[in-house]
Amino acid sequence: MAISHALLSPFSLPHIPSSPIHSPFRTHFQPHCTLRRFGNFLDLKPESKPQPLKFDLPLFHSYSDRPRRFDVVVVGSGPAGLRLAEQLSAYGIKVCCVDPSPLSPWPNNYGVWVDEFQALGFQDCFHKTWPMASVYLNDEKVKFLDRPYAQVSRKKLKMKLMEECATKGVKFHKAKVWEIKHQEFESSVACDDGTEIKANLVIDTSGFASRFTEYSNSKPRNCGFQIAHGILAEVEQHPFDLNKMVLMDWRDTHLGNEPYLRQDNKKSPTFLYAMPFDSNLIFLEETSLVGRPALPYAVVKRRMAARLRHLGIKVKRILEEEKCVIPMGGSLPKMPQAVVAAGGVAGMVHPASGYSVVLGMAAAPGVARRAAEGLGSGGRMIRGRALQGRVWEGVWPAERRRVREFYCFGMETLVRLDLEGLRRFFDAFFDLEGFYWEGFLSSRLSIRELGMLGLLLFGHASPMSKLDILTKCPLPLAKMMANLALQAL
């Protein structure tokens, strides 16, 4: 699940200790945590670096292009930013996308359900698909999900979005946004190269580390954190079926000879997420679904090393390495505010799973439509706060905010469950009709349908799982109901 994520968070992100081999965050292992004991992959370095796209980028030239004014400036060129720029420009809106390196490859892999990406029109951007997914609850029980899953080709997706942007007239400026100033009816975007670009609207899609989107000072963010370590590896062999990706593997037998790790894993569990490409090439990612605070990064790597040893997976080469920390749930940005946010910085991350790429891209048409209505496409032009408020309504419509409250309730429940509790939860969850579990993971259920899901889940739950729900859900449930009541007012 952690395959669609960003690397940093601007809000109260805890210090994540990491391996001194690969990380800029230096720390020392305890004597019993040596590389020899870790296994055979932690002393390997990734061998390949994704190369920048080769594309004739339509650049904005500050010294020759006049005037330096656009309808919209989009900050950032991730999937959400490029999709939004392309959607805005389809309405004839003049868009400038500002990013210090717009052709650089995206650092993280993206895993998606095939039907979700097909609905967005990006079915030609898959790198690999699997007809089914599997969930290992323990050594005795595995569930097979009859829903195709895919790894996205980051190169194909970015190239397609870039080509759409170029065709529709989006300009790109290669610089870092230094400061954004707002006047009554326009905003000025100051870049680190000295360029100043004026716009009627600024949309921030630059990710979790952005400092331009404001959150309430009086209301704590209170996020949960998903953390993962992943490798694309050439291996001697692996035990997984090539026709099934492994969505979650909650087995803990690999920690049988690691009593301290096993006890910690029972309290704060991690699972394996795996994409087998062939018998010798596989993407492996050890993931903490959600924690508060985040699980230490070094612990995730130790557990991964123990798991691979137990599975008999000997890593010969690491082709790519991925490190993820994703804020999940918590409060949304202040709305409205002068800078409109979209993507991860706007809280468009599934609070109970960590998926984000589809959410950010799927929201773009609605946001663009709202902006076009305000900027005069088929209606009367508005500016300033009126325009910003209208576009924020496109980012987070009232119904989507209510739905998100339920997902945050789900996240708060998952935070409180230990390994056995999570096994029981997912046993009942994936026993539901596909309409419900697929809709939950894809964020496409209404608030009423989510309420029905909750009742059905309780009905399918084992007696111990019912006890978990009755003892650990009341406080998150009360918080959700209070927030829904406030929104209704």
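The values are calculated or read from the model by the stated rules, or taken from the named source; none is laboratory data. Note that this is a predicted model, so its numbers are computed, not measured. Please note: Cβ atoms are built from the backbone with ideal geometry, for glycine as well, and neighbour counts cover all protein chains shown. The protein model used for the area step is the full one, side chains on, heavy atoms only, and it has no ligands, DNA or RNA in it. Shrake-Rupley method; radii C 1.70, N 1.55, O 1.52, S 1.80 Å.
What the table shows:
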read-out: Identity of the residue in segment 285-319, of a type in the set (D, E, K, R) and open to solvent by 40 Å² or more (accessible area, probe 1.4 Å), that ends up farthest from residue 49 (Cα to Cα); value: 292
read-out: Residue in segment 60-72 that is over 26 Å from the mean Cα position of the chain (by Cα), assigned to a loop (DSSP other than H, G, I, E, B) and at pLDDT 85 or above present; value: yes
read-out: Which listed residue, of 325, 345, 339, is farther than 15 Å from residue 226 by Cα, open to solvent by less than 20 Å² (accessible area, probe 1.4 Å) and modelled with pLDDT under 95; value: 345
read-out: All positions within segment 294-327 that are part of a loop (DSSP other than H, G, I, E, B) and in contact with a Phe, Trp or Tyr (Cβ under 7 Å, 6 or more places away or on another chain); value: 294
read-out: Some residue of segment 95-108 being under 27 Å from residue 321 (Cβ atoms), touching a strand residue (DSSP E or B) at 6+ places or on another chain (Cβ under 7 Å), at pLDDT below 90 and assigned to a loop (DSSP other than H, G, I, E, B); value: yes
read-out: Pair list, Cβ < 9 Å and 6+ apart or interchain, from segment 254-280 residues that are closer than 20 Å to residue 292 by Cβ and in contact (Cβ under 8 Å) with a residue 24 or more places away in the chain to residues that are assigned to a loop (DSSP other than H, G, I, E, B) and open to solvent by 70 Å² or more (accessible area, probe 1.4 Å); value: none
read-out: Residue match in segment 405-421 (condition: hydrophobic (A, V, I, L, M, F, W, C), within 21 Å of the chain's Cα centre (by Cα), modelled with pLDDT of 90 or more and more than 23 Å from residue 116 (Cβ to Cβ)); value: yes
read-out: Residue in segment 354-372 that is touching a Ser or Thr at 6+ places or on another chain (Cβ under 7 Å), under 30 Å from residue 47 (Cα atoms) and open to solvent by 20 Å² or more (accessible area, probe 1.4 Å) present; value: yes
read-out: Test result for residue 387, touching an Asp or Glu at 6+ places or on another chain (Cβ under 6 Å) and not aromatic (Phe, Trp, Tyr); value: no
read-out: Options 376, 394: the member that is under 21 Å from residue 89 (Cβ atoms), free of Cβ contacts under 8 Å to residues at least 24 places away in the same chain and small (Gly, Ala, Ser); value: 376
read-out: Residues located in segment 413-455, provided they are under 16 Å from residue 477 (Cβ atoms) and open to solvent by 20 Å² or more (accessible area, probe 1.4 Å); value: 415, 416, 425, 447, 451, 452, 454, 455
read-out: Filtered residue count, segment 127-150, keeping only those that are open to solvent by less than 10 Å² (accessible area, probe 1.4 Å) and either part of a loop (DSSP other than H, G, I, E, B) or more than 20 Å from residue 423 (Cα to Cα) (or both); value: 5
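Yes or no, residue by residue, for (1) more than 24 Å from residue 366 (Cβ to Cβ); (2) of a type outside the set (Lys, Arg); (3) at pLDDT below 95:
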{"position": "392", "(1), (2), (3)": "no, yes, no"}
{"position": "435", "(1), (2), (3)": "no, yes, no"}
{"position": "438", "(1), (2), (3)": "no, yes, no"}
{"position": "458", "(1), (2), (3)": "yes, yes, yes"}
{"position": "471", "(1), (2), (3)": "yes, yes, yes"}
{"position": "479", "(1), (2), (3)": "yes, no, yes"}
{"position": "485", "(1), (2), (3)": "yes, yes, yes"}
